[in-house]
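Visitor: Structure below; questions to follow.
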Amino acid sequence: MHTVEKIGGTSMSDYESVRNNIILKPVNATLYKRVFVVSAYGGITDQLLEYKKTGQPGVFALFANSMEDLSWGEKLAQLEQELLRINQQLFGEGELLEKANSFIIGKLTDAKQCLLDLQSLCQHGHFELASHLTTVREMLASIGEAHSAWNMATLLQRDGVNARFVDLTGWRAKEHVSLDMRIQQAFSKIDLTNELPIVTGYAHSETGLMSTFDRGYSEMTFSRIAVLTQAKEAVIHKEFHLSSADPRLVGEENAVPIGRTNYDVADQLANLGMEAIHPKAAKGLRQNDIPLRVKNTFEPEHAGTLITGDYISESPCVEIIAGCKSIYALELFDQDMAGNLFEYERDVMEIIKRFKGHVVSKDMNANTITHYLSTNLKTVKRIRNAIEKLFPDADVNQQRVAIVSAIGSDLQIPGILAKTVQAIANSNISVLAMHQSKREVDMKFVVNEADYDEAVKSLHAALVEVHNHGQAICLAS
């Protein structure tokens, strides 16, 4: 009976807190019978790939878009200095620092040579760079987790823990195997009763994780390890609690950690870009009845949030007010759409999928379809141009908006929609669109981007703060 636990990048950047608050404070009172899957240090994957929030290019993006210069090489050199700085901070001076530097420099040297060879190869007409980019992206991403996992295992060994570095990156592997096979091979010789595996969040597989999960690959590794090793519980350690709303918006005194919720709620959060866990990673846990606990690294005594498949609040609840800014409402109007809605929707979704746009929500009527996209402006313009080319007689418009959502495991509360709309109206906020599904786990409100903060505060005040609550937030019908 063991746990599989994932440590996020921000937490990983604070080794002493991870060691003292997580490793040396086990919930089950034993140092072992736990598996730790680790992310790269905070910000490192951004530098390896691209900056998630701004779209600024990292090593991968520079390499993918530049066959004529070596700007990616300059970025790789900058990254090397950052990784060595992290090593210096963690290890100080001495033999361990030399080993740590040798390990990561070896990875970076291999990667640089691979990129140079590929760049040279693709100067020939028979070889196309685009066909190799998925592999390049996976190779670069793996460096961040290999670095942090090796460091964590080595530091814990120094501090008296029988930690074991488990490398799933497939670096210089002689064969391509499935994700499940790679995990099973790695764990076949591990004794969880007296070893503490520190596992890379990236795992190489024959089909590739990033083509499906992109930056959520470490959560899939975490989930599959929990399923294949039959863990009793999966745990994610983050730098914050899963709370009723963003404390920075509603105030630390008003935001309350959620004690219990279910995987439906976790999926709604993921759709808004506020992932507790990637939905496809959660699916494996849910199907195998493995509960997921989300804990705050810096408050180890707090039990955190327990997520299960069968939980429903005792009384109808609004558990979380969440949302996202920088959403693009892409509206397609065509008089010919009436009676042909399915064909239009199918064609538009194919375009959105081609450009990897993420649909947060959508609405439609007889002659109009609006998709609410969480992506950057460059991608929106590409999607819009493709739609206009496909439907030259249609009117296509885009507008930058925000979405605010009230989420709960059971929202079957008479009058809740009216009360929610009234709360927004009382703050003089215009609702541009709203969506409530029959499943009754969330309500979405589209507002002007400038009104996002006020909308979150208004809904939280009306649906949460006026009620007495403990660890779980409950709005009684």
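The values are calculated or read from the model by the stated rules, or taken from the named source; none is laboratory data. Worth saying up front: this structure is predicted, and the values here are computed from it rather than measured. Heads up, the Cβs are rebuilt from the backbone with ideal geometry, glycines too, and the neighbour counts pull from every protein chain shown. To get the accessible areas, we keep the full protein, side chains included, count just its heavy atoms, and leave off ligands, DNA and RNA. Shrake-Rupley method; radii C 1.70, N 1.55, O 1.52, S 1.80 Å.
Visitor: Exactly one condition in (1) part of a helix (DSSP H, G or I); (2) of a type outside the set (Phe, Trp, Tyr); (3) surrounded by 15 or more Cβ atoms within 10 Å (Cβ to Cβ) is not met by Val161; state its number.
Guide: So the condition that Val161 fails would be (1).
Visitor: Could you look through the range 173-191, keep only residues that are touching a residue at least 12 places away in the same chain (Cβ under 8 Å) and not aliphatic (A, V, I, L, M), and pick out the one that is nearest to Leu31 (Cα to Cα)?
Guide: Phe187
Visitor: Considering each of Lys325, Lys295 in turn, give the residue that is in contact (Cβ under 8 Å) with a residue 40 or more places away in the chain, assigned to a strand (DSSP E or B), farther than 29 Å from Glu16 by Cα and of a type outside the set (Asp, Glu).
Guide: Only one candidate qualifies: Lys325.
Visitor: Search the range 361-390 for residues that are touching a residue at least 12 places away in the same chain (Cβ under 8 Å) and part of a loop (DSSP other than H, G, I, E, B) and pair each with any residue that is among the basic types (Lys, Arg) and open to solvent by 50 Å² or more (accessible area, probe 1.4 Å) when their beta-carbon atoms are under 9 Å apart and the residues are at least 6 apart or on different chains.
Guide: As it stands, the answer is Thr375/Lys356, since those pairs meet every condition given.
Visitor: For the range 102-114, state whether one or more residues are without any contact (Cβ under 8 Å) to a residue 12 or more places away in the chain and more than 30 Å from Glu16 (Cα to Cα).
Guide: Scanning the range 102-114 turns up at least one residue that is without any contact (Cβ under 8 Å) to a residue 12 or more places away in the chain and more than 30 Å from Glu16 (Cα to Cα).
Visitor: So is Ala130 open to solvent by 10 Å² or more (accessible area, probe 1.4 Å) and either assigned to a helix (DSSP H, G or I) or of a type in the set (S, T, N, Q) (or both) or not?
Guide: When the stated conditions are applied, Ala130 passes them.
Visitor: Here are some residues: His469, His460. Which one is at pLDDT 90 or above, under 27 Å from Asp310 (Cα atoms) and outside any strand (DSSP E or B)?
Guide: That would be His460, the only listed residue that is at pLDDT 90 or above, under 27 Å from Asp310 (Cα atoms) and outside any strand (DSSP E or B).
Visitor: Let me ask something else about it. Name the residues in the range 338-394 that are at pLDDT 95 or above, of a type in the set (Gly, Ala, Ser) and in contact with a Ser or Thr (Cβ under 9 Å, 6 or more places away or on another chain), would you?
Guide: Listed by number, the list is empty, since nothing qualifies.
Visitor: In the range 423-448, what residues are touching a residue at least 40 places away in the same chain (Cβ under 8 Å) and either open to solvent by 20 Å² or more (accessible area, probe 1.4 Å) or among the small types (Gly, Ala, Ser) (or both)?
Guide: Matches in the range 423-448: Ala423, Leu432, Ala433, His435, Arg439, Lys444, Asn448.
Visitor: Then there is this: What helices (runs of 4 or more DSSP H) lie completely within the range 7-94 and have 2 or more residues being out of contact with any Cys (no Cβ under 8 Å at 6 or more places or on another chain) and farther than 23 Å from Leu292 by Cβ?
Guide: The helices (runs of 4 or more DSSP H) meeting that bar are 15-18, 44-48, 59-64, 71-91.
Visitor: Same structure again: So if I check each of Ala270, Ala245, which one is part of a helix (DSSP H, G or I), within 25 Å of Lys438 (Cα to Cα), in contact with a helix residue (DSSP H, G or I) (Cβ under 6 Å, 6 or more places away or on another chain) and open to solvent by less than 30 Å² (accessible area, probe 1.4 Å)?
Guide: The match here is Ala270.
Visitor: Going by the conditions given, is Ser71 over 18 Å from Val166 (Cα atoms), touching a Phe, Trp or Tyr at 6+ places or on another chain (Cβ under 8 Å) and open to solvent by 20 Å² or more (accessible area, probe 1.4 Å)?
Guide: Criteria not met by Ser71.
Visitor: Working only within the range 380-422, note down all residues that are under 19 Å from Asp442 (Cα atoms), charged (D, E, K, R) and open to solvent by less than 80 Å² (accessible area, probe 1.4 Å).
Guide: Once the filter is applied, which keeps residues that are under 19 Å from Asp442 (Cα atoms), charged (D, E, K, R) and open to solvent by less than 80 Å² (accessible area, probe 1.4 Å), the range 380-422 yields only Asp410.
Visitor: Just give me the residues in the range 179-193 being surrounded by fewer than 12 Cβ atoms within 10 Å (Cβ to Cβ) and part of a loop (DSSP other than H, G, I, E, B), in sequence order.
Guide: Matches in the range 179-193: Ser188, Lys189, Asp191, Thr193.
Visitor: Counting just the residues of the range 355-379 that are more than 25 Å from Val431 (Cα to Cα) and not hydroxyl-bearing (Ser, Thr, Tyr), which one comes out least open to solvent (accessible area, probe 1.4 Å)?
Guide: That would be Phe355.
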